[in-house]
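Beneath this line is the structure, given in C-alpha cells, with notes to follow.
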Amino acid sequence: MHKGKGMKFVGDSRVRADRKTSQIPKDYSEYPGRTEAFWPNFLLKEWLVGAVFLVGFLCLTLAHPSPLEGMADPTNAAYIPLPDWYFLFLYELLKYEFASGPYVLIGILAIPGLAFGALLLAPFLDNGPGRRPHQRPIAVTMMLLALISTIWLTYTSAEHVDWETRAEQNKPIPPTEVEIDTSHAGYEAYKASCLNCHGDALQGSAAAPALIGTEHTPEEIADIARNGTDGGMPAGIFTGSDEELEQLVDFIITVNESAAE
C-alpha cells in the first residue's frame, strides 16, 4: 500500500489492482435515454400501441364484416363445418399426407406440440443479453418460421373457400306452412315408409333431409324410394307395389307444388 496521491487499495494480492471486472454489468444509470420508469412512461407507450392496433382492427371489421352463416341446422346432413379463421392453419395442415389418414396423430399432436414447445423454449435456448434481431438468432428464426408457416397455411386454406357464397348457401330456410292432404292416395304410403325419417310435413329431421323444395324429378324420386342413395338412405325402405310407388311420388310432387304457390 502506497500512501499519498494515486493511493490504491488491493483486497487480495492475487487480484491486480488495474484488473477490469467486465463480468459485472453496468448500472442502468450509465445508459441515459435507454431506460425509463415502468409507470407511467413504459406502460403509457404500451397502452398507446394497443389502442392504435384496436382502432385499426375495429375499422377493418367495419369495412369488411365477417360473412356470418345462418343458425345451426341439425337436419342439414350436407353441411361441411369449417373452423374459425384462427384455426384454419391447423385445418390445412391435416390435408397433407404426412399429417392425415394413418398419420393423423402426427398432424394433431406431434407437429403442433413440437412447434409450440419450441416457441416456449426459445427464450431459454437464446438467452443472450442483446435485444437486436441479429443478436438473438435462435429466437428470431423460430418466430419467423412460426409466423410464415401460420400465414401461408391460413392463406392456402382460405383461398379455396368462397366465404360469401358459403354463407349464402348455409342460411336457414324459413319454415313454410304446408298443408298436408291426408286424403291423397299416396299419403298412406308416405306414412308407412317415409314419415318416421322425413317428418309429418316433409320437413326432414336429423336422420333424413327435407323433401320440401326437392329438385328431383318424379323418376328420380321413384328410384330413390326403391334403391336408396349412396351413403344415405338404404335400399328397401319402400316395399309397396308399383301403383303405391306412383301414388307416393305424386303425393310428394303435389306437396311441393302446393308449397311453391
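The values are calculated or read from the model by the stated rules, or taken from the named source; none is laboratory data. The shown structure was predicted, so the numbers you read here are calculated from the model rather than taken from an experiment. Heads up, the Cβs are rebuilt from the backbone with ideal geometry, glycines too, and the neighbour counts pull from every protein chain shown.
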* Would you be able to tell me the number of residues in region 89-102 that are assigned to a helix (DSSP H, G or I) and either surrounded by 13 or more Cβ atoms within 10 Å (Cβ to Cβ) or among the basic types (Lys, Arg) (or both)? => 6
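Only one of Pro133, Pro123, Pro112, Pro137 is farther than 27 Å from Pro74 by Cα, surrounded by 15 or more Cβ atoms within 10 Å (Cβ to Cβ) and either modelled with pLDDT of 85 or more or touching a helix residue (DSSP H, G or I) at 6+ places or on another chain (Cβ under 8 Å) (or both); which? First the steps, then the outcome.
Details: Pro133 fails: surrounded by 15 or more Cβ atoms within 10 Å (Cβ to Cβ); Pro123 fails: surrounded by 15 or more Cβ atoms within 10 Å (Cβ to Cβ); Pro137 fails: surrounded by 15 or more Cβ atoms within 10 Å (Cβ to Cβ).
Result of the check over Pro133, Pro123, Pro112, Pro137: Pro112.
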* Asked: Of the residues that sit in region 167-183 and are surrounded by fewer than 14 Cβ atoms within 10 Å (Cβ to Cβ) and not in a loop (DSSP other than H, G, I, E, B), which one is modelled with the lowest pLDDT?
  -> Gln169
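Quick check: anything in region 215-233 among the hydroxyl-bearing types (Ser, Thr, Tyr) and touching a residue at least 24 places away in the same chain (Cβ under 8 Å)? So that I can check it myself, show each step before the final result.
Of region 215-233, the ones among the hydroxyl-bearing types (Ser, Thr, Tyr) are 217, 229.
Keeping just the survivors that are touching a residue at least 24 places away in the same chain (Cβ under 8 Å) gives none.
Looking for residues that are among the hydroxyl-bearing types (Ser, Thr, Tyr) and touching a residue at least 24 places away in the same chain (Cβ under 8 Å), one finds none in region 215-233, hence no.
Quick grid of which residues meet (1) under 25 Å from Tyr79 (Cα atoms); (2) surrounded by 15 or more Cβ atoms within 10 Å (Cβ to Cβ):
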position	(1), (2)
Ala185	no, no
Tyr190	no, yes
Ser205	yes, no
Gly213	yes, no
His216	yes, yes
Asn227	yes, no
Met233	yes, yes
Thr239	no, no
* To do: Inspect all residues belonging to region 76-84 and state whether any of them is among the hydrophobic types (A, V, I, L, M, F, W, C) and in a helix (DSSP H, G or I).
  => no
* **Filter result for Glu164 (at pLDDT 85 or above and surrounded by fewer than 10 Cβ atoms within 10 Å (Cβ to Cβ))** => no
